[in-house]
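The values are calculated or read from the model by the stated rules, or taken from the named source; none is laboratory data. As the structure is a computational prediction, the values presented were derived from the model and not from experiment. So basically every Cβ, Gly included, is an ideal-geometry build from the backbone, and we count neighbours across all protein chains shown. Only protein heavy atoms, including side chains, enter the accessible area calculation; ligands, DNA and RNA are left aside. Shrake-Rupley method; radii C 1.70, N 1.55, O 1.52, S 1.80 Å.
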Amino acid sequence: MNPADLSALVLTVVQGLVSARGSAESVSIDDVPLERPRNREHGDWASNIAMKLAKPLGVAPRELAKQIADELAKLDGIAGVDVAGPGFINIRLDAAAAGALAKTIVDQGADYGRGDLYAGITMNLEFVSANPTGPLHIGAVRWAAAGDSLARIFQFEGGIVTREYYFNDHGGQIDRFARSLLASWAGEPTPDDGYAGEYIADIAARVVDAYPGELENIPTRDEVQEIFRAVGVEFMFGDIKKSLQDFGVHFDVYFHENEVHESGAVEHAIQRLRDLGAIFEADGATWFRSTSYGDDKDRVVIKSDGEYGYMSGDIAYYLNKRERGFERNLIMLGADHHGYVQRLMAMVAAFGDKPYYNLELLIGQLVNLVRDGEPLRMSKRAGTVVTLEDLVEAVGVDAGRYALVRSSADSQIDIDLDQWGRKTNDNPVFYVQYAHARTNAVARNAAASGVDRSVFDASLLTHETESSLLGILAEFPRVVRQAAELREPHRVARYAEELAGAYHRWYDNCRVTPLGEEPVTDVHRTRLWLNDATGVVLRSALGLLGVSAPERM
RNA sequence: GCGCCCGUAGCUCAGCGGAUAGAGCAAUUGACUACGGAUCAAUAGGCCGGGGGUUCAAAUCCCUCCGGGCGCACCA
């Protein structure tokens, strides 16, 4: 029996009692979530429904709880029901009902835990989106790991997901990049507003290699700079794509900002807003009246010099996504972009769409890398940029990804490179991966000792570590769904650690293979199902995080 | 000044209304002739930043103050 089944049973009982009392109070399945009590002595599952309904029904909570408990106790698969504290209903399942899950999980394999929260919904996840002026710095990388994980979680919940990267190779930032390359080539100091760092010299050298002996013969400096811009950007962007690929992050669409400009999408989008009455002219510029939709100031879309303002691109890009058919659009940004939320939501509302539904902005707080107790400081001027490569070099891809998704994006985090670089048990990712490898080792040993899955008798899973492990396995679907709803992939990581811990404790207490000359029994065979079920869920959880699940370590 | 995020064990962080607030690391002590000790067991460590409020019940929701981070362009 899984928690959903049990919830349904409790609901039936509660509805029966409510109508028997002649109350009009309506109770739905969402009102009776079951929880795992922290203290195992409180049973396998607990419900607080009696305390919630006591007031509307005008009954004492404990009395109502007792009535519900008495009805529940009569049902099959329930070993006992107690009322505790202010009115908790604590339910103990019999071993067979609880243990059946092990077989269910093995039978369903990688599909166990899959949900339908976003079944058939088209979702566009935009993240990283760094302009190609330098290697990916650590701030952009947080969402590379967390965004990709979120994409996997949405897909697990049935979503039709597109991972998208938006980039721009024109404008002020790119000009500074091109001038920096040019200066490096010419042996001049880095321009005051330029980019420093070894990569500039490296890219400049590669551009020169691509045009051997030619740059010197180009008459104007502007023309040379244009070559550095066009070719340098290409190299830089190639490097970025490669490091993302090496990090296990693959984008379905690389969307170029020029696309919205050249296609006339910007004019199209502004015209749409104009038709909707959200555009006005003032001071020689064209404005979006975003204050009518909750923004704190109006925004320029066409500057007085006739150029498009920054926001015009965002407006056109959003409309483009909608016209490409995406129902839900998520953009993941760093903490320094939180000021964009209001104006973009105003735009969504102006188009007649639903803010926070058709468009969501996820803001991730800063990440610091720490070594020897000291944060690695970034300075663009000094050219000390902490990059994705630095992270991967220090701790590897698995630990790097895991460290980035393990905490809520709402929190600033410090990643201790010394700790995460260690291949020992003070590294959480190894703790989880080792548990997975151990399930495989146990399965291999079982096969060698003649233990197979020919028999499954759930009533034999009676040890307290077995009921604890089963309880955690049962929660996987709910954890994934919650991670999806809240856009919080770190929940999956924390769950994986909890599951790994429960598995290690079970391993310590319950043997799958017989000792010495002992005969193979159905207990061993049934435990193998539980072992394999744990392996399945650990693999799924690690997969959702984009971390490998090794069979041996 | 206005806005967003954060403040929980020595450190890094979980805990989006429930029972005695958790994990990993660090500290102390145990368990290997037992499916991999990359493990497990145990001890110690907390006015959950302060103060008010809502509730049967608050680390969690609301208000306020304090502290830290990040933003508030006809720049991108």
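Does A:Arg92 count as over 30 Å from A:Val10 (Cα atoms) and charged (D, E, K, R)? Before the answer, list the steps.
Values: over 30 Å from A:Val10 (Cα atoms): no; charged (D, E, K, R): yes.
No; evaluated as a whole, the condition is false for this residue.
State whether one or more residues within segment A:115-122 are at positive phi and either touching a Gly at 6+ places or on another chain (Cβ under 9 Å) or surrounded by fewer than 20 Cβ atoms within 10 Å (Cβ to Cβ) (or both). Even if it seems obvious, please write down each step before you answer.
Restricting attention to segment A:115-122, the residues satisfying the condition of being at positive phi are A:120.
Of the ones still in play, those that are also either touching a Gly at 6+ places or on another chain (Cβ under 9 Å) or surrounded by fewer than 20 Cβ atoms within 10 Å (Cβ to Cβ) (or both) are A:120.
Looking for residues that are at positive phi and either touching a Gly at 6+ places or on another chain (Cβ under 9 Å) or surrounded by fewer than 20 Cβ atoms within 10 Å (Cβ to Cβ) (or both), one finds at least one in segment A:115-122, hence yes.
Could we say that A:Ala441 is more than 6 Å from RNA strand B (Cβ to nearest atom) and in contact (Cβ under 8 Å) with a residue 40 or more places away in the chain here? Spell out the reasoning first.
Numbers: more than 6 Å from RNA strand B (Cβ to nearest atom): no; in contact (Cβ under 8 Å) with a residue 40 or more places away in the chain: yes.
Considered against the rule, which asks whether it is more than 6 Å from RNA strand B (Cβ to nearest atom) and in contact (Cβ under 8 Å) with a residue 40 or more places away in the chain, A:Ala441 comes out as no.
Open to solvent by less than 50 Å² (accessible area, probe 1.4 Å), closer than 17 Å to A:Ala493 by Cα, more than 8 Å from RNA strand B (Cβ to nearest atom) and β-branched (Val, Ile, Thr): which single residue out of A:Val392, A:Val429 fits that description? I'd like the intermediate steps shown before the answer.
Working: A:Val392 fails: closer than 17 Å to A:Ala493 by Cα.
The conditions single out A:Val429.
For (1) polar (S, T, N, Q); (2) within 23 Å of A:Ala46 (Cα to Cα); (3) open to solvent by 30 Å² or more (accessible area, probe 1.4 Å), each residue gets a yes or a no:
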| site | (1), (2), (3) |
| --- | --- |
| A:Asp457 | no, no, yes |
| A:Arg481 | no, yes, yes |
| A:Leu486 | no, no, yes |
| A:Gly501 | no, yes, no |
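Residue-by-condition table, conditions (1) modelled with pLDDT of 95 or more; (2) surrounded by fewer than 16 Cβ atoms within 10 Å (Cβ to Cβ); (3) not in a helix (DSSP H, G or I):
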{"residue": "A:Pro212", "(1), (2), (3)": "no, yes, yes"}
{"residue": "A:Pro219", "(1), (2), (3)": "no, yes, yes"}
{"residue": "A:Ala230", "(1), (2), (3)": "no, yes, no"}
{"residue": "A:Tyr254", "(1), (2), (3)": "yes, yes, yes"}
{"residue": "A:Glu259", "(1), (2), (3)": "no, yes, no"}
{"residue": "A:Arg274", "(1), (2), (3)": "yes, yes, no"}
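Looking only at segment A:436-478, count every residue that is modelled with pLDDT under 95 and of a type in the set (Val, Ile, Thr) and tell me the total.
Matching residues across segment A:436-478 total 3.
Report, by residue number, each residue of segment A:17-52 that is among the small types (Gly, Ala, Ser), crowded, with 19+ Cβ neighbours inside 10 Å and under 33 Å from the mean Cα position of the chain (by Cα).
To start, the set of residues in segment A:17-52 that are among the small types (Gly, Ala, Ser) comprises A:19-20, A:22-24, A:26, A:28, A:43, A:46-47, A:50.
Going one step further and asking which of them are crowded, with 19+ Cβ neighbours inside 10 Å, we end up with A:43, A:46-47, A:50.
Hits for segment A:17-52 are A:Gly43, A:Ala46, A:Ser47.
What number of residues within segment A:505-548 satisfy the criterion of being open to solvent by less than 30 Å² (accessible area, probe 1.4 Å), part of a loop (DSSP other than H, G, I, E, B) and within 12 Å of RNA strand B (Cβ to nearest atom)?
Number satisfying all stated conditions: 4.
Go through segment A:144-184 and give me each residue that's within 16 Å of RNA strand B (Cβ to nearest atom), without any contact (Cβ under 8 Å) to a residue 60 or more places away in the chain and either buried (at least 21 other Cβ atoms within 10 Å of the Cβ) or not in a helix (DSSP H, G or I) (or both).
A:Gly171, A:Phe177, A:Ala178, A:Ser180
List pairs: first in segment A:481-498 and closer than 11 Å to A:Ser408 by Cα, second hydroxyl-bearing (Ser, Thr, Tyr) and more than 6 Å from RNA strand B (Cβ to nearest atom), Cβ under 6 Å, 6+ apart or cross-chain?
Close Cβ pairs satisfying both conditions: A:Pro489/A:Ser149.
Of the residues A:Ala102, A:Ala65, which is touching a strand residue (DSSP E or B) at 6+ places or on another chain (Cβ under 6 Å), open to solvent by less than 10 Å² (accessible area, probe 1.4 Å), among the aliphatic types (A, V, I, L, M) and in a helix (DSSP H, G or I)?
On the way: A:Ala102 fails: touching a strand residue (DSSP E or B) at 6+ places or on another chain (Cβ under 6 Å).
From the options A:Ala102, A:Ala65, the qualifying one is A:Ala65.
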